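A.B. asks: Provided herewith is a single structure, encoded as structure tokens, for subsequent inquiry.
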Amino acid sequence: MRQRPLVSMSIAFITGLILARWMNLPLLLTATLIVFLFAVPLFLLPRACRTTRYYFFLTAFLTLGLFWATWDNERHQSQLLSDLNTFLDITGVVVEEPKIYPNRVLYTLEVKEIRQGNYRRKVKEKVEVVQYYPKQAKNKTNPEKQQPFYHYGDILKIHGQLKLPPQARNPGEFDYRAYLARRYIYTRMAVEDPLAISKIGSVVGNPLRRLALSAKGKVAAAITRALPPREAAVLQALLFGDKEQLDENDVEAFQNLGIMHLLAVSGSNVGFVLLLVMTVAGLLGLGRGAAVMLGLGGLFFYAALCGFTSSVTRASIMAGLGLLAYRERERRDFYTALALAALFILFFNPRSLYESGFQLSFVATWGIVYFYPLFDGLLARLPSWRSYLAAALAAQLAVLPLQVYYFNLIPCLGLPVNIITLGLAGVLVITGLAASVLVLLFPPLAYPLLLAAGVIIHFLLALLSKMASLPGAVLSVGTPGPALILGYYILAAAFREIYLHRQEPRLLWFWRWQGQKVVLLGLTAAALFLWLPRQGRDDFKIVFLDVGQGDAIYIHTPRGKNILVDGGGRPYNPDSNFDVGEDIVVPFLRRQGVRRLDLVVSTHPDADHLGGLAAVIRQLPVSLVITPPPGAMFPDYKDFLVEVAARKINWAVAGRGDKVVIDPDLEILVLHPGREIKGSRADGNNNSLVLRLGHGRNTFLLAGDIETEAMADLVATDLPLRSTVFKVPHHGSRYGLKEDFLAAVDPEAVIISAGADNNFGHPAPEILAYWQREGAKIYRTDRQGAITITSDGESWQVKPFISPK
């Protein structure tokens, strides 16, 4: 076997980076250990002790990774946390290309100074600035004409509040705060008034970066002028990886068909750039050395155009190493080049290791080369074009677990769509790159090429839209755990190794015993584990989702049934297109592996409970919907019930004393409403459904939005009220304080579902004071995110998503 020491050292270094998340060793101790581990094999051990020296170096690189991650975390701490949530002025330089979205523009500002009255402080830290377009500029095709945009090198003075970026608040949710922290950005400032930002100067910055962004700006402007917005957005994504202007439906189609990688600039783009540059070098008659230097310059310039993302940096480094090997007339080793590219990226930003783009780029590249011989052999009876099929299969096999982990889907049409679109994408990239060069040299000649690219993109989008709408084009699956992902790769690698070495005596017996079928069955079992619902009994699980100022409760019964009580719905920003059901509840359910809801309960038709359910019943099959008797609430329920009927979902009303049988191991008793309450402060709230769930010794009371009138009505009955866990009604409103009812419930823990910094003052101080006085444990979604409770029928455990600091 060929020795690749750099590969082993890179793996050891990455292992050290990962270990740093759990090990916090003093930097001095770690540095001393590194010196020792390098000194022993270099100066003390004889060269003959190769194995011992190798393991010393391996341990040294592991320790170096541990040191590097620890040093990075300690060195890059925010200097601005003491200045949060107060109005002040920041002054800094725009250090990255602005990201332009339909309703906002994002700037990365390297802040140099903060001011507040007489208070002034020098700092050096990146801040994300979010400038929302003025309301009159919204829904415009070209918002750039409505207000000035700022660019790389501009010095800006901005007045506003520094805040922490939003963080993930539900299991599996995208964590924007962590995403920015991986880019060394810890705070953000959002402004809506254009006068809050003023340009006070500019600096040159990095000349190459400025030149690259200037060239990119000219190309982007030409594309925008030549093509309709939809086609222009796709071409810019293909050429530069800019996805901000993409239509949401197009993004969904690319994801569901497994071709999102086409919009992440990587190896194929870099290959086309290199082909273009080396063609020019040939036409100019340059020698080998000069051509290589021109190629390296072209690669670096293109990486700068694309913002040095992980995928383009990886591809550029590997292509550059290939050029150097070509100059020296040596053969480049693929795995060594891949390891060197990883080390280079992680040296400058060790946090890139946790980026999905970094992982997908490197795993796909590794998989194409590693698994290609396997599929080339399995498809040996096919003609020579099988190489394209083998490469596509190899990439799909390699990235499938990560694709499932990050996107919770299996693109069933991924293989044929990739084969069809790769050629078209290649034509588009070559055409776009050629047009880009012409835009900079002779613009009139560029427009025919751009128009041709627009025609191809229009055809491509129409084709993808049709394919994405086919039944079974995509399968939704739950998020796999690390053990399942690791097992998948072990089985895939085992099958590859057994197949390629099947003629060796030590494996021949296994192959003749049809060992390949054993491994294939293992891979199939792993896939079925992701897709098929598990049988048998699980623990009861109830998750109080953080949907802002609203309620949404997911219940997974012991026998695998799925229940949703309410769906949130009050928008965070009335001017946005944000939908709590579509953007929070449905993605959460998909991450849980929910493909059908056995029961959806709407406690009452207030928007902060009902609004998100519309998206739920549109996107997931539902067996039964239960509401309280509509009565006077019918006008508020009308649109929802029309949607339920249109989708032929069974609908039932429930009232006091009814029992809902979904799972024999779970008792669901309806406590309220009984008689319709009229003339109260809020009749809709007081006629909410109230459910009492029983699992073994543990009980859970879900009280909707009932207030004192409904509480008095319940106390007057002989229904069981005492519960282990109590979902406090109406988000902790003061109108839910009726002590005889609360004393009858007598819970060990209470859950309050309220929005962070809501305008209603929820939860009310008197509600908190009451439960503190009673000694109940208080859990709040506004502070702790989603609250997950599991029960085995005897004991129960609570796990807030956000741990207290």
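A.B. asks: So, taking all protein chains as they sit and a 1.4 Å probe, how much accessible area belongs to Asp636, in Å² rounded to tens?
C.D. replies: So the heavy atoms of Asp636 present about 100 Å² to solvent.
A.B. asks: If I compute Cα Rg over 2.2 N^0.38 Å from the structure I just sent, which labelled value in [x] 1.07; [y] 1.14; [z] 0.96 lines up?
C.D. replies: [x]
A.B. asks: Can you give the calculated 222 nm mean residue ellipticity of the chain, where each DSSP H run of n ≥ 4 adds -39,500 (n - 2.57) and the sum is split over every residue, rounded to the nearest 500 deg cm²/dmol?
C.D. replies: That comes out to -15000 deg cm²/dmol.
A.B. asks: Sort 744-751, 772-779 by packing, meaning the average of other beta carbons within 10 Å per residue, with the highest value first.
C.D. replies: Result, highest mean first: 744-751, 772-779.
A.B. asks: Counting only protein heavy atoms and a 1.4 Å probe, tell me what percentage of the range 676-805's accessible area is made up of carbon and sulfur.
C.D. replies: After summing per-atom areas, the C and S share lands at 45 percent.
A.B. asks: Give me the number: length gained by fully extending Leu475 to Thr717, i.e. 0.36 nm times residue separation minus the C-alpha to C-alpha distance, one decimal in nm.
C.D. replies: Going from the current span to full extension adds 82.4 nm.
A.B. asks: Students often get this wrong: which residues of the range 264-294 have the backbone nitrogen under 17 Å from the point 7 angstrom along Cα-to-C-beta of Phe344?
C.D. replies: Output list for this probe position: 265-275, 292-294.
A.B. asks: Here is a further query. In the range 182-198, which residues have a backbone nitrogen under 16 Å from the label point lying 7 Å from His159's Cα in the Cα-to-Cβ direction?
C.D. replies: 190-198, by backbone N distance to the label point.
A.B. asks: According to a simple spin-label model (label point 7 Å from Cα along Cα-to-Cβ), what is the distance in nm between Tyr54 and Arg596?
C.D. replies: 5.4 nm
A.B. asks: I would also like to ask the following. So how far apart, in nm, are the two label points at Ile490 and Arg773 if each is 7 Å from Cα heading toward Cβ?
C.D. replies: About 5.7 nm separates the two model spin labels.
A.B. asks: Measure out, as a whole number of angstrom, how far apart the alpha-carbon centroids of the range 323-398 and the range 280-318 sit.
C.D. replies: 19 Å
A.B. asks: Can I ask one more? Taking amide H positions as placed in the peptide plane 1.01 Å from N, state which residues far from Leu379 in sequence (5 or more) or on other chains have amide H under 5 Å from it.
C.D. replies: none
A.B. asks: In nm, to one decimal, how far is the modelled label at Lys799 from the one at Gln503, with both set 7 Å along Cα→Cβ?
C.D. replies: 5.0 nm
A.B. asks: Report the paramagnetic label zone for Leu440: residues of the range 287-329 whose backbone N is under 14 Å from a point 7 Å from Cα along the Cα-to-Cβ axis.
C.D. replies: Residues 294-307 fall inside that zone.
A.B. asks: Calculate, for Arg386 and Leu275, the FRET efficiency according to 1/(1 + (r/R0)^6) with r their C-beta to C-beta distance and R0 22 Å; round to the nearest 0.05.
C.D. replies: The pair Arg386/Leu275 has a calculated efficiency of 0.40.
A.B. asks: Using a 1.4 Å probe on the protein chains only, how many percent of the accessible area of the range 307-374 belongs to carbon and sulfur?
C.D. replies: Looking at the range 307-374 in its full context, I get 65 percent from C and S.
A.B. asks: For the range 116-265, calculate the relative contact order in percent as a whole number, restricting contacts to Cα pairs under 8 Å that are 6 or more residues apart.
C.D. replies: Reported as a whole number, the value is 22 percent.
A.B. asks: Using alpha carbon centroids, what distance separates the range 46-108 and the range 224-267, in Å?
C.D. replies: Computed from Cα coordinates, the inter-centre distance equals 29 Å.
A.B. asks: Given the peptides 241-250, 603-612, 578-587, arrange them by the average over their residues of other C-beta atoms within 10 Å, most packed first.
C.D. replies: Packing order, densest peptide first, comes out as 603-612, 578-587, 241-250.
A.B. asks: How do the peptides 641-649, 454-462 rank, highest first, by the average count of neighbouring beta carbon atoms within 10 Å per residue?
C.D. replies: With the highest mean Cβ count within 10 Å placed first, the list reads 454-462, 641-649.
A.B. asks: Roll a 1.4 angstrom probe over the protein heavy atoms and tell me the percent of accessible area of the range 1-137 that is carbon or sulfur.
C.D. replies: 60 percent
A.B. asks: For Cα pairs less than 8 Å apart in space and 6+ apart in sequence, what is the mean separation divided by the residue count of the range 697-744, i.e. the relative contact order in percent?
C.D. replies: In percent, rounded to a whole number, it is 51.
A.B. asks: While we're looking at this one, here's another question. Considering Cα pairs under 8 angstrom that are at least six residues apart, work out the relative contact order of the chain and quote it in whole percent.
C.D. replies: Relative contact order here is 8 percent.
A.B. asks: With every protein chain left in place, what is the accessible area of Glu74 in Å² (1.4 Å probe, nearest 10)?
C.D. replies: 100 Å²
A.B. asks: For the chain, what is the accessible area per residue in Å² when the probe is 1.4 Å?
C.D. replies: Each residue of the chain exposes 48 Å² on average to a 1.4 Å probe.
The values are calculated or read from the model by the stated rules, or taken from the named source; none is laboratory data. The shown structure was predicted, so the numbers you read here are calculated from the model rather than taken from an experiment. Counting neighbours? That spans all protein chains shown, and the Cβs are built from the backbone with ideal geometry, glycine included. Accessible surface is based on the protein model in full, side chains and every heavy atom, while ligands, DNA and RNA are left aside. Shrake-Rupley method; radii C 1.70, N 1.55, O 1.52, S 1.80 Å.
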